[in-house]
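Student: Quick one: this structure, given as structure tokens, is what I'll be asking you about.
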Amino acid sequence: LFELLHQVLAGTYSRSVLSSIERRFELPSTISAVVSSSYQIGNLTVMALVSYLGSKVNRPRFLAAGSLLLFIGYILVVLPQFLGDLYVFADLSTTSTSNHSQTFTCTEVAEITPHSTSCEMEEEKANSNMYIFIIVGMMVCGIGGAPTQPLGLSYVDDHASEHNSALYIGIITTITLVGPALGYLMGSFCLKIWVDFGRVDLDSITIDPKHQSWVGAWWLGFIVCIVVIAIASFPLWFFPKHLEKPEEKTKENGNIKEKKGLMEKEKVDNGAPIELKGLGAAFARLFKNPQYICVLVIFTSIGFKIAGLGTFVVKYLEVAFGKSASQSSFLIGAINLPFLIIGTLLGSVIIKRWKLQKLGMVRLCICGFVLSFACMIPSFFIGCDTIAHAGLTVPYPTSAETEIADGVESTCNSMCHCDQNTYIPVCGPANITYLSPCHAGCTDTSSESGKNEYTSCSCLGANGTSQSVTIGRCFVSNCEESVWGVIVSKSLSNFFSGMCITAIMILKMRTVLPQDKSFGIGIGLLVYRVLAAIPGPIAFGALIDSSCLFWSQNPCSNRSYCTVYDNHKYRRGFIGLVLIAQIASIVAAIVLHSLVVKEQ
């Protein structure tokens, strides 16, 4: 239990800090989705073999060996923090009115893009490519974590009576759901801490967690995971291959020791175990089983939804409602996920209390999926308008046009030679945000109490040159409190989805032959990774990137990352994709119900 708890804790923690990793290494959402999916990619490479051989090996020791790879993988993940340079951010509010701040004003002479020496120094430090260590480390963790579910769940199911098995698996599933809650809460704590704490004077950090450039200590939680995995893996080396099991299970599954003796005697000519020869037949038995296929569709569609939501829900709350990464992680971990935990435990109790068989569990799934879908619909309509950005969402006040022209320039700043790849927002009159002081047409600065303002601005409308702009966006959100509507909607949706989780896990085992149990679980996880866990975050990431209104670009690495999103397009695409996945699970559950009814 501790081993599985640690893995899901680490998995959700990595998702809670993903937006900070994205900012730290200046990544688009599609690349950060690859970072998130890299665990599943590594897992995929060995899942089928591990699942098939799982019942023929010492499963606890196999799990312990995988833990060693997890330990190594997490060390690789945190290396960028210690091998790379300090994080550098732009905060014009406290810089002096000369030198650096002046470069963002309107000038008639085009500025030179950084190159040669400055970029060579950056490349020597290799900061821009350090995220590759995270990808490789997560892939190694994926390989090490492959045995956990197929071997762990089948080990429990093999050594418990049929009805107790449902309760035990429900308890395991519920405990593993505590992991995500703890992961998000740990992310909330770590993201309040500056990324380079211990290496810089924290008094010199002039921004807060809601600032668009804030990056929290994303790496700190992985250090915790390294310690936890070292502790969790130790007892696994001492578990026996088989435990004494109840008589009911012995009659149902046969004598395991007798089967073991037969398998060990059979060898192929080249010395390899004979069980490898049955791999093709096992595949055929599974994929000719329509009930198992329906369970896979349910498992995959729900997994697709969870993979996308889990990866980007923190960023969604940041973008859509102006919450900091720390606040978003806390809302998910402390409020949203407990509903999922309660729903999962309740579903397990319902199955045990009424001794539900296949048909009863399928009906439970249908009810849960329909109610979950209904509760998620309000989130499709709840959201904030995009903050007014001149040239992006609203016309420039000096423009005679009522429509937004192509590009972010206007006649008022056409001679300013503004950098079209830099986002240094300033707030002007009428709560209109400008991409930079240059885009506001400001030619001068003034300083009061150590804070900079930009003056003599030509794009602020009537009497604009006599007005000034202040550093930062006018708002982080124009309807921040609406986030509670989304939290309530998603929490209730999670509750009803949770009621189905234990039933799905049991149906994966009850729709296959006893000898295919471990293999069926493993193939289910393999299909989940191929069709949901890996492409899910990438699909969501590509959809998120498609809603971007303004891309910033690092002049040295030439890698672009989004700084302004179309909130309505983001919300409709993000929540819409979740609803589509839920519809697919409902349809598959209805088909499975008809198949089970015919079997009765």
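The values are calculated or read from the model by the stated rules, or taken from the named source; none is laboratory data. A quick note: this is a predicted structure, and the numbers were derived from the prediction, not measured. Glycine also receives a Cβ, built like all others from the backbone with ideal geometry; neighbour counts cover every protein chain displayed. For the accessible areas, the whole protein counts, side chains as well, though only heavy atoms, and no ligand, DNA or RNA atoms are used. Shrake-Rupley method; radii C 1.70, N 1.55, O 1.52, S 1.80 Å.
Table: residues versus (1) modelled with pLDDT of 85 or more; (2) open to solvent by 10 Å² or more (accessible area, probe 1.4 Å).
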| site | (1), (2) |
| --- | --- |
| 13 | yes, no |
| 27 | yes, no |
| 32 | yes, no |
| 57 | no, yes |
| 81 | yes, no |
| 86 | yes, yes |
| 90 | no, yes |
| 110 | no, yes |
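Student: Pairs, please: C-beta under 9 Å, at least 6 apart or cross-chain, first residue over 30 Å from residue 486 (Cα atoms) and in segment 339-357, second open to solvent by 80 Å² or more (accessible area, probe 1.4 Å) and not hydroxyl-bearing (Ser, Thr, Tyr)?
Tutor: Between residues of segment 339-357 that are over 30 Å from residue 486 (Cα atoms) and residues that are open to solvent by 80 Å² or more (accessible area, probe 1.4 Å) and not hydroxyl-bearing (Ser, Thr, Tyr), the close pairs are 356/363.
Student: Of all the residues that make up segment 487-498, how many are of a type outside the set (Lys, Arg) and either outside the structural domain of residue 312 (by the TED database) or open to solvent by less than 30 Å² (accessible area, probe 1.4 Å) (or both)?
Tutor: Final tally of qualifying residues: 7.
Student: Sticking with this one: Here is a list: 544, 586, 590, 504. Which entry is more than 30 Å from residue 21 (Cβ to Cβ) and surrounded by 20 or more Cβ atoms within 10 Å (Cβ to Cβ)?
Tutor: Unique residue meeting the criteria: 504.
Residue-wise test of (1) modelled with pLDDT under 85; (2) in contact with a Gly (Cβ under 8 Å, 6 or more places away or on another chain); (3) closer than 26 Å to residue 64 by Cα.
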| site | (1), (2), (3) |
| --- | --- |
| 219 | no, no, yes |
| 223 | no, no, yes |
| 226 | no, no, yes |
| 235 | yes, no, yes |
| 238 | yes, no, yes |
| 252 | yes, no, no |
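Student: Continuing with the same structure: Within segment 127-139, track down each residue that is farther than 13 Å from residue 78 by Cα and either modelled with pLDDT of 90 or more or not polar (S, T, N, Q) (or both).
Tutor: Answer for segment 127-139, where residues must be farther than 13 Å from residue 78 by Cα and either modelled with pLDDT of 90 or more or not polar (S, T, N, Q) (or both): just 139.
Student: Does segment 560-574 contain at least one residue that is out of contact with any Lys or Arg (no Cβ under 9 Å at 6 or more places or on another chain), assigned by the TED database to the domain that holds residue 378, assigned to a helix (DSSP H, G or I) and free of Cβ contacts under 8 Å to residues at least 60 places away in the same chain?
Tutor: Yes, segment 560-574 contains a residue that is out of contact with any Lys or Arg (no Cβ under 9 Å at 6 or more places or on another chain), assigned by the TED database to the domain that holds residue 378, assigned to a helix (DSSP H, G or I) and free of Cβ contacts under 8 Å to residues at least 60 places away in the same chain.
Student: State whether the residues of segment 514-528 include one that is buried (at least 24 other Cβ atoms within 10 Å of the Cβ) and more than 30 Å from residue 290 (Cβ to Cβ).
Tutor: There is no residue in segment 514-528 that is buried (at least 24 other Cβ atoms within 10 Å of the Cβ) and more than 30 Å from residue 290 (Cβ to Cβ).
Student: I would also like to ask the following. Just need a number here: residues in segment 60-79 that are within 24 Å of the chain's Cα centre (by Cα) and either at pLDDT 90 or above or buried (at least 22 other Cβ atoms within 10 Å of the Cβ) (or both).
Tutor: 11
Student: Further question: What are the residues in segment 178-193 that are more than 15 Å from the chain's Cα centre (by Cα) and surrounded by fewer than 24 Cβ atoms within 10 Å (Cβ to Cβ), if any?
Tutor: 178, 189, 192, 193
Student: Would you confirm whether any residue within segment 532-546 is among the hydrophobic types (A, V, I, L, M, F, W, C), assigned by the TED database to the domain that holds residue 349, under 22 Å from residue 147 (Cβ atoms) and assigned to a helix (DSSP H, G or I)? Spell out the reasoning first.
Tutor: Filtering segment 532-546 for residues among the hydrophobic types (A, V, I, L, M, F, W, C) gives 532-534, 538-540, 542-544.
Among the residues that remain, those that are also assigned by the TED database to the domain that holds residue 349 are: 532-534, 538-540, 542-544.
Restricting the remaining residues to those that are under 22 Å from residue 147 (Cβ atoms) gives 532-534.
If we keep only those that are assigned to a helix (DSSP H, G or I) too, we end up with 532-533.
Checked segment 532-546: at least one residue is among the hydrophobic types (A, V, I, L, M, F, W, C), assigned by the TED database to the domain that holds residue 349, under 22 Å from residue 147 (Cβ atoms) and assigned to a helix (DSSP H, G or I).
Student: Here's another thing I want to ask about it. Of the residues that sit in segment 457-471 and are of a type outside the set (A, V, I, L, M, F, W, C) and crowded, with 19+ Cβ neighbours inside 10 Å, which one is modelled with the lowest pLDDT? Lay out the reasoning, then the answer.
Tutor: Within segment 457-471, the subset of a type outside the set (A, V, I, L, M, F, W, C) is 458, 461, 463-468, 470.
With the extra rule that they be crowded, with 19+ Cβ neighbours inside 10 Å, the set shrinks to 458, 464, 468.
On the way: 458: 86, 464: 59, 468: 83.
In this case the residue turns out to be 464.
Student: Report, ordered by the first and then the second residue, all pairs with beta carbons closer than 8 Å, sequence separation of six or more or different chains, a first member in segment 180-206 that is touching a residue at least 24 places away in the same chain (Cβ under 8 Å) and in a helix (DSSP H, G or I), and a second member that is surrounded by fewer than 19 Cβ atoms within 10 Å (Cβ to Cβ) and not aliphatic (A, V, I, L, M).
Tutor: Taking only residues 6 or more apart or on different chains, the pairs are 181/338.
Student: With the structure loaded, tell me whether residue 564 is of a type outside the set (Gly, Ala, Ser) and more than 23 Å from residue 408 (Cα to Cα) or whether it fails that test.
Tutor: Working: of a type outside the set (Gly, Ala, Ser): yes; more than 23 Å from residue 408 (Cα to Cα): no.
No.
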